[in-house]
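Peer 1: I'd like to ask you about the structure that follows.
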């Protein structure tokens with residue numbers, strides 16, 4: 001997880017903010033998977049029996065798993081930035 005969302009009044013986190021956090025983490029995971037796929041596509045390795053379809057499938061699964069872990073841990077910080085920017089558009093408690 002990114003970490004607890006706190007405010008100056010230490011109020012509980014709204015369900016909208018939790019949904020926003022989950023969406024931001026999902027977006028970060030997608031971005032990381034695309035970055036890893038792009039980096040792997042630029043490889044100059046020759047096609048060998050060890051680089052065939054099975055290895056490509058394994059690499060895709062590994063990249064997906066890494067991206068999910070990185071996004072959930074907040075290691076790169078993309079989700080935190082996205083969440084902070086979009087949270088400005090959530091209604092405040094006084095607006096409801």
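The values are calculated or read from the model by the stated rules, or taken from the named source; none is laboratory data. As the structure is a computational prediction, the values presented were derived from the model and not from experiment. Cβ sites come from the backbone with ideal geometry, for glycine too, and all protein chains shown count toward neighbours.
Peer 1: Give me a count of the residues in region 52-76 that are surrounded by 11 or more Cβ atoms within 10 Å (Cβ to Cβ) and not in a helix (DSSP H, G or I).
Peer 2: 3
Peer 1: Still on this structure, please answer the following. Starting from region 56-80, take each residue that is touching a residue at least 24 places away in the same chain (Cβ under 8 Å) and list its partners that are part of a loop (DSSP other than H, G, I, E, B) and surrounded by 15 or more Cβ atoms within 10 Å (Cβ to Cβ), counting only C-beta distances under 7 angstrom and pairs at least six apart or across chains.
Peer 2: Note: pairs meeting the criteria are 70/76; 74/2; 79/2; 80/2; 80/74.
Peer 1: Condition test on residue 39, is it modelled with pLDDT of 90 or more and either surrounded by 10 or more Cβ atoms within 10 Å (Cβ to Cβ) or within 16 Å of the chain's Cα centre (by Cα) (or both)? Show your work before the answer.
Peer 2: Values: modelled with pLDDT of 90 or more: no; either surrounded by 10 or more Cβ atoms within 10 Å (Cβ to Cβ) or within 16 Å of the chain's Cα centre (by Cα) (or both): yes.
Judged against the criteria, residue 39 is not a match.
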